[in-house]
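*Asks:* A single structure is presented below for examination.
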Amino acid sequence: MRRINLIVIHCSATRADRHYTEAQLTADHLRRGFSEAGYHYYIRLNGDIKSLRSIEKPGAHARGYNANSIAICYEGGLDCYGIPKDTRTEWQRHSLRVLVRALKMDYPEVRVVGHRDLSPDVNENGEVEPMEWTKACPCFEVKGERW
């Protein structure tokens, strides 16, 4: 089994007013050359948690962090105009909290971060600030959540 020390939260970067199924996500990842979906879990708008990749396998979601992490992606992240926004439904918030808490029981030392928090600290001040984000994903402040 892999040593897991990180849970990385992602959004699908799709508009919240449109559905984006796990089949569509997987097909998009296959088109990009992945062998399967890059995320371990996917949370639909209705809160359904879909398992996409075995935990035993490294993900394909955050270059340099895949070997020791678990990837969770939620459907959405863009408003109806395509602007990054926290679009999580109440069901998604609940399911994300439950899933992270369950994973933390199996991996108590794990740290939970957003994909954007893994961006390089360009100004080297010890903090990845919004102007340094490679992308806005997951469109909410992961550090502010109660896991």
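What follows draws every value from the coordinates through simple rules; no lab data is involved. Note that the coordinates shown come from a computational prediction; the quantities given were computed from them, not determined experimentally.
*Asks:* So what is the orientation-averaged projected area of segment 79-122, using the convex hull of its C-alpha atoms, in nm²?
*Replies:* 4.6
*Asks:* Please identify, among 52, 103, 78, the residue showing maximal mean-square fluctuation in a Gaussian network model of the chain using a 10 angstrom Cα cutoff.
*Replies:* Its mean-square fluctuation being the largest, the pick is 103.
*Asks:* Using only the alpha carbons of segment 87-147, what is the convex hull's orientation-averaged projected area in square nanometres?
*Replies:* 4.8
*Asks:* Anyone know which of 80, 137, 11 comes out most mobile in the 10 Å Cα GNM of the chain?
*Replies:* It is 80.
*Asks:* Would you mind checking the pairs 104/143; 104/135; 57/135 and listing those with alpha carbons more than 20 angstrom apart?
*Replies:* In this structure, 104/135; 57/135 lie more than 20 Å apart at Cα.
*Asks:* Still on this structure, I have one more. For segment 1-135, would you read off the P(r) tail past 26 Å as a percentage of all alpha carbon pairs?
*Replies:* Tail of P(r) above 26 Å: 22 percent of Cα pairs.
*Asks:* More than 15 angstrom separation, counting every C-alpha pair in segment 55-97; what % is that?
*Replies:* The answer is 56 percent, as a whole percent.
*Asks:* With Rg and the Kirkwood Rh both taken from Cα atoms, where does Rg over Rh land for segment 1-80? Write out the running numbers ahead of the final one.
*Replies:* Details: Rg = 12.3 Å, Rh = 12.8 Å.
With Rg and the Kirkwood Rh in hand, the quotient comes to 0.97.
*Asks:* Further question: Which one, 112, 128, 100, has the greatest fluctuation when you compute a Gaussian network model over the chain with C-alpha springs under 10 angstrom?
*Replies:* Fluctuation is largest for 128.
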